[in-house]
Every structure is written in structure tokens, then in C-alpha cells.
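Down below is the structure, laid out as C-alpha cells.
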Amino acid sequence: DVVTDVAPPDTDEVWPARVLNGTVGCSGGQWCWEHPVPHGESVFDAFALSATDVWAVGGHGLAMRWNGTAWTRVETGSTADLRRVWASGPNDVWATTFQYTDAARTLVTYGLLRWDGTRWSAPTLPAGARPNIVHGSSARDVWIVSQPERSGPSTVWRYDGARWTSVSDGLPTGGVAVRDLWVE
């Protein structure tokens, strides 16, 4: 069946599809259903450095890289969901992680992973940081938004290549959560 419109089942999931040119089961120039190909996990975010270097992240530690021709899975060593991804270059990719730590799905652990061109590692975070969003302008200008522990304001942190500094002064308080971040 040809899919002409893709709507995710909820706001936290993106379902991959692609345009095929006249292959079996798809009309030329139409969107075709590919779930769960190629990995079977939900994809939550993607970031393109170029048309031949795109990162996508998703459920259960999923990280994939597009080289302009094909997707390759890149092992993260994590079982947490990778929720957001940003990269300053091919050897500097950051992804936030999210994982329930109890059966009732009430306790959450947030984290951060960094790709150095060879492997993923977990950088040291400021005490109490719960990264939910990541963006930046270079490897020495990385920003995260820290999810509040229950209710309360979000905290924004900036990494200068050596240390994290809180840059939350002036943000609204009273339970206002920052939902996105863009750094020029």
C-alpha cells in the first residue's frame, strides 16, 4: 500500500518512510511504509551535518548514521532511549538519553552521550543535571536544557569544552519548562 501521509501514533515518535521510484509495491514518487525496517525501533530525532552525514536516534539506544546512500547502525552501548541529537561535526555528536528505572514508569534517569568519531561515551554532567535537549554552535559551545525533577523551572547549562556553567538566570520560574533550544 502507498502511504501518502505519515502521522505518528503520538507526538514522541517519528516513523521512517522513503520515496521510491517505481519499485514493487510503490508508485514512482510516492511515500512507502518501511516500519520496522531497518531497525524496528522508534526514531525520535535527527540532525543533518550535510546531505551525506545525517544522524538519527531513537528507542533502546538506537543511533544510526546516513552516508548519502545507506543507514548504518552505530552501537551506543546504552539501552536508554536516545531522545535528542545534535552534532558540531562528524567526530562530535551529542545525544540526550531517557530511561524509566522502575516498573511503574515513574522514576526516570536522564543522561548525555557523546560520539568522538570512534565510540560513544557519557560525559561528566553538573550535579543534578537531567539533560532533555541538546544543541550548540561548536564542540566548545554545547548547551543542554535540564528537565526539572518534578515541578519547577528548567535549567540551562553551557559547556565550553572544559566545564559546564549554568545560564538559567532570567528564565521564567514557577513550573515553566523549556521545550526546545536553538543555538546560532
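The values are calculated or read from the model by the stated rules, or taken from the named source; none is laboratory data. None of the values given here were measured: they were computed from a predicted structure. Every residue, glycine as well, gets a Cβ built from its backbone with ideal geometry; the counts of neighbours run over all protein chains shown. Side chains included, ligands, DNA and RNA excluded: accessible areas come from the protein's heavy atoms. Shrake-Rupley method; radii C 1.70, N 1.55, O 1.52, S 1.80 Å.
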Residues with amide H under 5 Å from that of residue 62, placed H, sequence gap 5 or more
82
If I compute solvent accessible area with a 1.4 Å probe over the protein chains, what percent of it on the stretch 76-161 is carbon and sulfur?
46 percent
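Taking the mean number of other Cβ atoms within 10 Å as a proxy for protection, how do you rank 44-56, 74-86 from highest to lowest?
On the way: 44-56: 16.1, 74-86: 18.8.
My ranking of the peptides, most packed first, is 74-86, 44-56.
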Using a 7 Å offset from the Cα along the Cα-to-Cβ direction at both residue 167 and residue 99, what is the distance between the two label points in nm, to one decimal?
2.9 nm
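What trypsin sites (Lys or Arg not before Pro) in the stretch 99-146 are in a loop by DSSP, with at most 10 other Cβ atoms within 10 Å of the Cβ?
Passing sites in the stretch 99-146 are 105.
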The stretch 36-184: C-alpha gyration tensor shape, a/c 1.5 cut-off, then a/b vs b/c
oblate
